[in-house]
Amino acid sequence: MNYKLLYFASLCDAAGCSEEAVSSAACDVRSLYAEIAARHGFSFTPEHLRVAVNGAFTDWEQRLANNDEVVFLPPVSGG
Amino acid sequence: MEAFGISATPIAVDALRRELESAGAGAVVCFEGRVRDHNDGRAVDGLTYQAYVELAKAEGACIVAEARARFSVERIVCVHRVGDLALGEVAVWTGVSAGHRGAAFDACRYVIDEVKARVPIWKREHYVEGAPEWLHPAAR
């Protein structure tokens, strides 16, 4: 399936881009992260991240649909 | 205007304060978070803020709605900056008007604490010496 991934903060630096189109056999959030983290060398484990699909927070077991926008969110530091 | 906003330009504090005006408001509490010249023992000379804007606006609106439900307030406004900020610039502004000061202080504190903990915004510190770094503090 095809996904659009957005990257922020240190994940953006590690990926070398702020977004990318990904074609993957992964069909849930957790397995997609494992694949992407290995490819980009992300050091965060899922326990340290939150995840959003199509602009809303969700959980790591969320099933994905073709063309979903997926964002892995590192710990926030606003304010 | 929206109760929670993201701004790429300097926050217009006076205009936001006017948004809080209400005939029933006997108290107005405002908090300004500003760019400080040090953090964790290092000299800082500026910050860059980045936001996942779509989700930040939704989560910020959710926080304001929670505060309205918890406290007896008239108006709530919160705006967070993104982009490059110099020392002393306002990074986040939260204002609350209410009938009485207790609710105004409590709601203002609630909004800024929840915004810092939950809204997808990140800061990159620029140091006087050394490479800049994104801050990813451990969750509360």
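The values are calculated or read from the model by the stated rules, or taken from the named source; none is laboratory data. Everything numeric in this text was worked out from a predicted model, so none of it was measured. Glycine also receives a Cβ, built like all others from the backbone with ideal geometry; neighbour counts cover every protein chain displayed. When the accessible area is computed, the model is the full protein with side chains, heavy atoms only, and any ligands, DNA or RNA have been set aside. Shrake-Rupley method; radii C 1.70, N 1.55, O 1.52, S 1.80 Å.
Scanning residues 5 or more positions from A:Ser77 or on other chains, those with amide H under 5 Å from its amide H are B:Ile121, B:Trp122, B:Lys123, with H placed 1.01 Å from N in the peptide plane. Close amide H contacts of B:Phe4 (hydrogens built in the peptide plane, cut-off under 5 Å, sequence separation of 5 or more or a different chain): B:Cys78. 3J(HN,Hα) along the stretch B:9-20: 10, x, 6, 7, 4, 4, 5, 5, 4, 5, 4, 8 Hz, from the Karplus curve 6.51 cos²θ - 1.76 cosθ + 1.60 with θ = phi - 60°, whole Hz, x for Gly and Pro.
Placing R0 at 30 angstrom, the Cβ-Cβ distance between B:Asp45 and B:Ser22 gives a FRET efficiency of 0.15 after rounding to 0.05. Nearest 10 degrees is fine. How inclined is helix B:53-70 to the longest principal axis of chain B, computing both from alpha carbons? Result, in degrees: 40. Site pair B:Arg109 and A:Asn2 shows an inter-label distance of 5.2 nm when each label is modelled 7 Å from Cα along Cα→Cβ. For the stretch B:16-93, trypsin sites (Lys or Arg not before Pro) are listed when DSSP marks them as loop and at most 16 other Cβ atoms sit within 10 Å of their Cβ; the list is B:Arg36.
Compared with its chain on its own, the stretch A:37-79 contains the following residues whose accessible area drops by 50 Å² or more in the full protein assembly (probe 1.4 Å; ligands, DNA and RNA excluded): A:Gly55, A:Phe57, A:Pro75, A:Val76, A:Ser77, A:Gly78, A:Gly79.
Using alpha carbons only, how many degrees (0 to 90, rounded to 10) separate the axis of helix A:29-40 from the longest principal axis of chain A? The answer is roughly 60 degrees.
Its DSSP H runs of at least 4 residues, each contributing -39,500 (n - 2.57), put the calculated 222 nm mean residue ellipticity of chain B at -10000 deg cm²/dmol, to the nearest 500. The modelled label-to-label distance between B:Arg101 and A:Thr45, using points 7 Å beyond Cα along the C-beta direction, is 4.8 nm.
Overall, the anisotropy analysis places the stretch A:1-44 in the oblate class: the square-rooted eigenvalues a ≥ b ≥ c of its C-alpha gyration tensor yield a/c not less than 1.5, with a/b not exceeding b/c.
Annotation for the B:A interface, with buried accessible surface near 1800 Å², both sides summed [1.4 Å probe; non-protein components not counted].
Highest GNM mean-square fluctuation among B:Leu55, B:Leu85, B:Leu47, for chain B modelled with Cα contacts below 10 Å: B:Leu55. Quarter the surface of the alpha carbon convex hull of the protein assembly as shown and you get the mean projected area, 12.9 square nanometres. The angle separating the long axis of helix B:101-118 from the principal Cα axis of greatest extent in chain B is about 40 degrees. Computed in the context of the full set of protein chains, the accessible area of the protein assembly as shown at 1.4 Å probe radius has 50% of its extent on carbon or sulfur. What 222 nm value per residue comes from the helices of chain A, counting each DSSP H run with n ≥ 4 as -39,500 (n - 2.57) and dividing by all residues, nearest 500 deg cm²/dmol? Taken over chain A, the calculation gives -7000 deg cm²/dmol. At full extension, B:Ala65 and B:Val53 could sit 2.5 nm farther apart than now, given 0.36 nm per residue minus the alpha carbon distance. Taking a ≥ b ≥ c as the square roots of the eigenvalues of the alpha carbon gyration tensor, the stretch A:4-79 is rounded, as a/c is under 1.5.
Starting from the Cα of B:Val128, step 7 Å toward the Cβ, then list every residue of the stretch B:84-105 with an amide N under 16 Å from that point. B:87-88, by backbone N distance to the label point. Each residue was assigned an accessible area with a 1.4 Å probe, and for B:Phe71 the value is about 50 Å².
Any chance you could check the Cα centroid distance between the stretch B:1-80 and the stretch B:99-116 for me, in angstrom? Spelled out, the Cα-based centre of one part sits 11 Å from the other. Computed with a 1.4 Å probe over protein heavy atoms only, the accessible area of B:Asp45 comes to about 80 Å². Once you have a ≥ b ≥ c as the square roots of the Cα gyration tensor eigenvalues for chain B, tell me rounded if a/c is under 1.5, and otherwise prolate or oblate according to whether a/b is larger than b/c. Prolate.
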